Structure formats: C-alpha cells, structure tokens
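One structure follows; several queries about it will come next.
Nothing in this text is a laboratory measurement; each read-out follows from the coordinates by a stated rule. Keep in mind that what you see is a predicted model, and the values were worked out from it rather than measured. All Cβ positions, even for glycine, are placed from backbone atoms using ideal geometry, and neighbour counts span all protein chains on display.
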Amino acid sequence: MDKNPLILGGTTEATALCLALSAAGIGGTISFAGRVMRPVRQPLPQRVGGFGGIAGLERYLADHRISHVIDATHPFAAQISANAVRACAEAQVPLIALGRAPWSAGPDDNWAHVPDIAGAVAALNRPAARVMLAVGRMHLAEFAPNPQHFYLLRLIDAPEAALPFPDCRVVQDRGPFTTKADLALMQAHRIDLVVCKNSGGTGAQAKLLAARALGIPVVMIDRPALPPRLEAHDVAAVLDWLGHGRTDLGV
Ligand SMILES: NC(=O)c1ccc[n+]([C@@H]2O[C@H](COP(=O)([O-])OP(=O)(O)OC[C@H]3O[C@@H](n4cnc5c(N)ncnc54)[C@H](OP(=O)(O)O)[C@@H]3O)[C@@H](O)[C@H]2O)c1
C-alpha cells in the first residue's frame, strides 16, 4: 500500500518535514488548527480546522486512508497531541512525534521556572516591569490581573480583540528571529523581564540569547506533560521510520 501520511503541523519542523516528504515523493497531507490567518505555504496538500476530538480524528484517519501520523505540533499543543495518541491507538495507525529538545539554562542565565501559564501570571504579581511577553496570542487575556507592567508582544497576526493591557506595544512578526534583532528590540523597549514558553528549537531561541547578553531574567513556562509515544528529533529520523531513510529508526 502507498504511504499516505498525515502531518499535524503548525511549526517550522512540520514545514521542513513536508518539504522532505515532497522531495522524497512520499506525499501526504498537512493539517493546521487554523489559528494563523496566513499559514506558511506548504509543498503538500493542506487541510485546516479541528477534527472534532478523538472520535473525529479517528474518523478522518479511516475516511482518508491515512497510513501514518506524524505529530509535528508545538510542544505546548497538548490537546491535539494527546488526541493523536488515543485516535491512532484506536485506529491502529502508527504515530510518531517530531519533537524538539527543550531549552535549558546555562550558567549566565537567570531563569525562574513555572509549571504553566497560571504560574507565569502569578510570577508577574510584582512591581511594574517592562515585560517581553512571548506566550502567543491565545493566552494574553490570562495576564489581565497584572496591568501594572509595560508589555511587548510579538504576534504573527494582529490581535482580534482589545488587549487587556493599558501599556503595551504589539510587533507583528514571524520567526525565525536573530539574536541581533532581538537584542535591538529589547533595548529599544527597555525590556527588563522576558516571559516565554519552553518551546525549544532554534527559531525562537534568539530572545533567550539576547536576554542572556543583556543580563535580563526570564520566567520560563515549562512544558505540559504528554502521554508516552514514539519520538523522533529530526526529519531524517521520520523518513527512516517511514521506510524511506538510510536505516530503520532505533527508537
Ligand atoms: N500552543 C502553542 O504555544 C503553539 C505555538 C506555535 C504553534 N502552535 C500550533 O498551533 C496549533 C494549535 O495549538 P494549540 O495549543 O491551540 O493546540 P491544542 O490546545 O493542543 O489543540 C486544541 C484543538 O485544536 C485543534 N488542533 C490543534 N492542532 C491542530 C492541527 N495541527 N490540525 C487540526 N486541528 C488541530 C484540535 O481540535 P479538535 O479536537 O477539534 O481536533 C485540538 O483539540 C497547533 O497545530 C500547534 O502546532 C501552537
């Protein structure tokens, strides 16, 4: 049977995987949640929108004769990743996650770890600061209880609703970012605290390297727990797993 993989996307890794699948002549479909107005163009057919929970994803796998699922979603997209584990187990479709290692603090970093968004909100219950709040668009309202800060927000799309911050600046941009540009951005806005998710990868690491260079503390939101699943850390390992690489994946 021809391979017909479904890639759960929304990350630079998913885009890289699609390029490799297309180049290898494997094909497949990439799925987006639909959170971003103009997703990056992909070399594979794409679908957009939720599946309708575990049962909906299971139905999609059967209806579209999906042979493999590659979960290349963001490490904080815990719901779709958990759904994929359950749906693939039920449908007996092999699943692998294409993940990124989390960032870890070096000796020159000053990170305070918090377990989740609520922990970051609690950490901001402190005197006014100039905060680079790099948590994406979906969770901004949760920071409303701390209006005393200046917030610098970098978002792919302009916010749809009014922001709950009396003093903030929105910069519309899409990664990957460079350390030089992030240093300049933080200096221009006199940032003295960074709040971010431990996304890992290289595309969003620049702000941490800039924070290190400027001696700025970081509130680091640790990753949510996910069910156990097979994991690969690069595109080549996924191709191996699909039987199109150099060797079989030993994971
Ligand atoms: N969370 C982040 O920090 C972050 C950062 C960068 C990019 N992203 C990307 O943005 C998307 C949404 O993230 P999230 O944190 O809102 O996810 P989530 O909380 O895990 O997912 C919520 C619901 O959105 C739908 N969904 C999520 N990803 C999907 C996909 N790739 N294709 C189809 N449906 C999807 C599913 O709906 P149904 O239950 O109806 O199927 C899922 O139950 C993900 O694809 C992720 O890769 C997230």
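State all residues of the stretch 128-152 that are within 16 Å of the ligand (Cβ to nearest atom), more than 16 Å from the chain's Cα centre (by Cα) and surrounded by fewer than 19 Cβ atoms within 10 Å (Cβ to Cβ); if no residue qualifies, say none.
Ala141, Glu142
Still on this structure: Has the stretch 104-117 got any residue that is within 14 Å of the ligand (Cβ to nearest atom), charged (D, E, K, R), surrounded by fewer than 19 Cβ atoms within 10 Å (Cβ to Cβ) and outside any loop (DSSP other than H, G, I, E, B)?
Of the stretch 104-117, the ones within 14 Å of the ligand (Cβ to nearest atom) are 116-117.
Still in the running and charged (D, E, K, R): 116.
Cutting the leftovers down to surrounded by fewer than 19 Cβ atoms within 10 Å (Cβ to Cβ) gives us 116.
Filter again for outside any loop (DSSP other than H, G, I, E, B), leaving none.
So far as the stretch 104-117 goes, no, none of its residues is within 14 Å of the ligand (Cβ to nearest atom), charged (D, E, K, R), surrounded by fewer than 19 Cβ atoms within 10 Å (Cβ to Cβ) and outside any loop (DSSP other than H, G, I, E, B).
In the stretch 1-95, which strands (runs of 3 or more DSSP E) lie fully inside it and hold 3 or more residues that are surrounded by fewer than 20 Cβ atoms within 10 Å (Cβ to Cβ) and within 10 Å of the ligand (Cβ to nearest atom)?
Answer list for the stretch 1-95: 46-48.
Can you pull out every residue in the stretch 71-96 that is in contact with a helix residue (DSSP H, G or I) (Cβ under 6 Å, 6 or more places away or on another chain) and either over 16 Å from Gly34 (Cβ atoms) or aliphatic (A, V, I, L, M) (or both)? Let's see the steps before the verdict.
First, the residues of the stretch 71-96 that are in contact with a helix residue (DSSP H, G or I) (Cβ under 6 Å, 6 or more places away or on another chain): 71-73, 83, 86-87, 90-91, 93, 95-96.
Passing the criteria: Asp71, Ala72, Arg86, Ala87, Glu90, Ala91, Val93, Leu95, Ile96.
Then there is this: Quickly run through the stretch 62-111 and pick out the residues that are more than 19 Å from the chain's Cα centre (by Cα) and among the basic types (Lys, Arg).
Listed by number, the residues that qualify are Arg65, Arg86.
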